[in-house]
Amino acid sequence: MKRRLLARGGLWLWVWAVLAFLFGPIITIVIFSFDRSNIETLPIRSWTLSWYQVAWHDEQVRQAFVLSIKAACAATVLALLLGSLAAFGVHRARFFGRDTVSLLLVLPIALPGIITGVALNSTFQWAGISLSIWTIIIGHTTFCIVVVYNNVVARLRRTSATLFEASADLGASTSQTFRFVTLPLIATALVSGGLLAFALSFDEVIVTTFTAGAQNTLPIWIFGAIRLGQQLPEVNVVVTAVVVLMLIPIIIAARLTGRDTFSSSSTRAPTN
Amino acid sequence: MLITAFWSLNGFTGNVTHQLTGANFHQIASGSYPAIIGRTVLLAALVTVTDAIIAFPFAYVMARVATQRAQRLLLVAVLLPLWASYLAKIYAWISILERGGALNWTFQHLGLPSPNLGFTNGAMWLTFSYIWLPYMIVPLFGALERIPGSLLDASSDLGASSWWTFRHVIVPLALPGLVAGSIFTFSLTLGDYVTPLLVGGANSTLIGNAIYQNLLDGGNLPLAAALSTVPIAIMVAYLLVAKRFGAFESL
């Protein structure tokens, strides 16, 4: 009994250590974003909000932010359309070749993002399409689709097919069934899938590098600034803002669908 | 999604066969590339093992020890960092590990020698393990949670010690989750170039960096594409093995 208690205590200690490991770094950057000093040095001597002001008025950051928002919105809309269509398709045709389908669905998820990036980049070059906001949107849509798909498929799996049959038996047309039965059933899954897709797109670096050309999205700006070691106090602020901004859609999505949203970890895999 | 995936991959292979001669692959097999590939695979394996070790007890507590309420809280605690900005996490580790960073500072105040981990392969290992950890915890938690409690009761009723139950009942049943998690940790490390570029040092070039440099800095698309086949081949082989363990159900 004593050994058991000891083991249990050890496990909980481990849990607390992992939690500290998970949150420590994120808390660190948030704290540093209020540091007045130009260079990060410990202990922090004085606190300020002035870097927030600097970042807010930085024209480059603003442009990058606007581009990120635009691309994320467009990619989300496209992903909602294509992802839910794919989900309906696969859900209905579940009986034949299911194993193959599952492998084909997993493959693009499991392939590193850089592969998607190179593939898109070479396709664009080959087709003579010059890189613009549209190529960013196409690139982001490819992985946003997966999120929407996962959410909708999870919901469809939980809804019984008898509901649709009942609707048809009661004389509803296909479009009526869709409008009054299917859509309300999957509405929250769609919204949460869309929100997650938005967050994903807003944060994406790897695929964007290969599809953005000369333009900066916000993550690309952050990447460049860290790499060159310039404007680091501003990076602290921008990065903190991104973390906070991303939390909003994530929390709403989690509220809407509960564990459904995250039941599969592949939700977030395709990007990085 | 399938159409998009195939469209891009087809365009990609079409492009490669168009210009591919043995020379590209010959180039990969010589020079510095084998060392880069070896380093990448080794690091990916190391990160996977590290994450598995950190994640297992945590996922076990989440799935089998914690109360419902604690379980929900822990799940949120894992998912929030998972969805926190990727660059934010990398930047956090840069500022922790660099010379005047929090880690050296703490060690100094404890009277220990500075570890000076910044911009080394060790820093890369730590950062990767950190970023991908939630990807290991979530599927592992799923697998552990699905184990019926009656099986564990049966095992102890039949006289098995807790260690025996752990070794012969829990671990085999958690294996699909473990393998599913390892698909993420392995694949994500394999294709990353941002972390090595920002956190790593002079000797930290990974396959991803080689692809990135050839494509964006060198403009050598065929060589970059040929290099891309390396992670694809590794991942396809890995997935085929993973399928054997029934990992796809846990993804």
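Taking B:K243 as the anchor, which aspartates and glutamates have their alpha carbon closer than 20 Å to its alpha carbon, excluding any fewer than eight residues away along the same chain?
Partners found: A:D99.
First measure r as the distance between the Cβ atoms of A:I248 and A:W47, then evaluate 1/(1 + (r/R0)^6) with R0 = 25 Å and state the FRET efficiency to the nearest 0.05. Present the calculation step by step, with values, prior to reporting the outcome.
Values: r = 25 Å, r/R0 = 1.00.
My answer for the efficiency is 0.50.
Would you calculate the separation in nanometres between label points at A:S175 and A:S132, each defined as 7 Å from the Cα along the Cα-to-beta-carbon direction?
3.4
What is the percent carbon and sulfur in the accessible area of the stretch A:143-226, measuring with a 1.4 Å probe over the protein chains and ignoring ligands? Write out the running numbers ahead of the final one.
On the way: 1970 of 3140 Å².
Of the solvent-accessible surface of the stretch A:143-226, carbon and sulfur hold 63 percent.
Gap in Å between the Cα centre of the stretch B:35-49 and the Cα centre of the stretch A:176-231?
29
Please give the calculated 222 nm ellipticity per residue for chain B, where each DSSP H segment of at least 4 residues contributes -39500 (n - 2.57) and the sum is spread over every residue; nearest 500 deg cm²/dmol? If you can, show how the numbers build up before the last one.
Numbers: 13 runs with 186 residues, N = 251.
So the calculated ellipticity at 222 nm is -24000 deg cm²/dmol.
Taking a probe of 1.4 Å and counting only protein heavy atoms, give the total accessible area buried between chains B and A in Å², rounded to the nearest 100.
Numbers: alone 14090 and 16840 Å², together 23480 Å².
Counting protein atoms only, the buried area is about 7400 Å².
Can you work out the FRET efficiency for the pair B:L42 and A:A187, with r the C-beta to C-beta distance and R0 = 60 Å, to the nearest 0.05? Display every interim value, and only then the final one.
Numbers: r = 47 Å, r/R0 = 0.78.
The calculated FRET efficiency here is 0.80.
How much length is gained if the chain between A:A166 and A:H57 is pulled fully straight, taking 0.36 nm per residue apart and subtracting their Cα-Cα distance, in nm to one decimal?
Working: separation 109, 0.36 × 109 = 39.24 nm, distance 5.80 nm.
Net length gain for the segment: 33.4 nm.
For the stretch B:88-132, what is the Kirkwood hydrodynamic radius in Å, using each pair of distinct C-alpha atoms? Write out the running numbers ahead of the final one.
On the way: mean 1/r = 0.0949 Å⁻¹.
Taking every pair of different Cα atoms in the stretch B:88-132, averaging 1/r and inverting gives 10.5 Å.
Using 0.36 nm times the number of residues separating A:L228 and A:W16, minus their current alpha carbon distance, what extension gain do you get? Working shown, then result.
Values: separation 212, 0.36 × 212 = 76.32 nm, distance 3.59 nm.
Contour length minus Cα-Cα distance gives 72.7 nm.
Out of every Cα-Cα pair in the stretch B:188-227, what percent are more than 10 Å apart?
Across the stretch B:188-227, Cα pairs with separations above 10 Å total 67 percent.
Using a probe radius of 1.4 Å on heavy atoms only, what accessible surface per residue do you get for the protein assembly as shown? Whole Å² is fine. Mind dumping the intermediate values first?
On the way: 23480 Å² over 523 residues.
Result: 45 Å² of accessible area for each residue.
How far is it, in nm, from the label point at B:W105 to the one at B:R72 when both lie 7 Å from their Cα along the line to the Cβ?
For the pair B:W105/B:R72, the computed spacing is 3.7 nm.
Would you give the gap between the C-alpha center of the stretch A:1-30 and the C-alpha center of the stretch A:135-174, rounded to a whole Å?
Result: 39 Å between the Cα centres.
Are there DSSP H segments in chain B that both extend 27 Å or more along their axis (alpha-carbon positions) and score a mean Kyte-Doolittle hydropathy of at least -0.5? List them, or say none. Kindly include the intermediate steps, with their values, before the conclusion.
Working: long enough: B:33-60 (40 Å, 1.50); B:121-146 (37 Å, 0.77); B:171-191 (29 Å, 1.60); B:221-244 (35 Å, 1.62).
What comes out of the filter, once short or polar helices are dropped, is B:33-60, B:121-146, B:171-191, B:221-244.
Considering only the other residues whose Cβ falls under 12 Å of the Cβ of A:A172, what net charge follows from Lys and Arg at +1 and Asp and Glu at -1? Intermediate values should be presented prior to the final figure.
On the way: positive: A:R179; negative: A:E165, A:D169.
Around A:A172, the charge tally is -1.
Run the simple label-point estimate for A:I69 and B:A202 please: 7 Å along Cα→C-beta, distance reported in nm.
The answer from the label model is 4.5 nm.
Counting only Cα, what are the radius of gyration and maximum Cα-Cα distance Dmax of the stretch B:62-203, in Å?
19.3, 57
Can you run the Rg to Rh ratio on the protein assembly as shown? Use alpha carbon positions and the Kirkwood inverse-distance Rh. Present the calculation step by step, with values, prior to reporting the outcome.
Numbers: Rg = 23.6 Å, Rh = 24.3 Å.
Ratio of gyration radius to Kirkwood radius: 0.97.
So if we plug the beta-carbon distance of A:L5 and B:R146 into 1/(1 + (r/R0)^6) with R0 = 30 Å, what FRET efficiency do we get, rounded to 0.05? Kindly include the intermediate steps, with their values, before the conclusion.
Details: r = 27 Å, r/R0 = 0.89.
The formula returns an efficiency of 0.65 here.
Over all alpha-carbon pairs of the stretch B:138-251, lay out the pair-distance distribution in 5 Å bins, whole %, shortest bin first.
Cα pair-distance distribution for the stretch B:138-251, in percent: 2, 11, 15, 14, 13, 11, 10, 8, 6, 5, 3, 2, 1, 0.
The values are calculated or read from the model by the stated rules, or taken from the named source; none is laboratory data. No experiment lies behind these values; they were computed from the predicted model shown. When we count neighbours, we look across all protein chains shown, and the Cβ atoms used for this are built from the backbone with ideal geometry, even at glycine. In case anyone asks, the SASA skips ligands and DNA or RNA and just uses the protein heavy atoms, side chains included. Shrake-Rupley method; radii C 1.70, N 1.55, O 1.52, S 1.80 Å.
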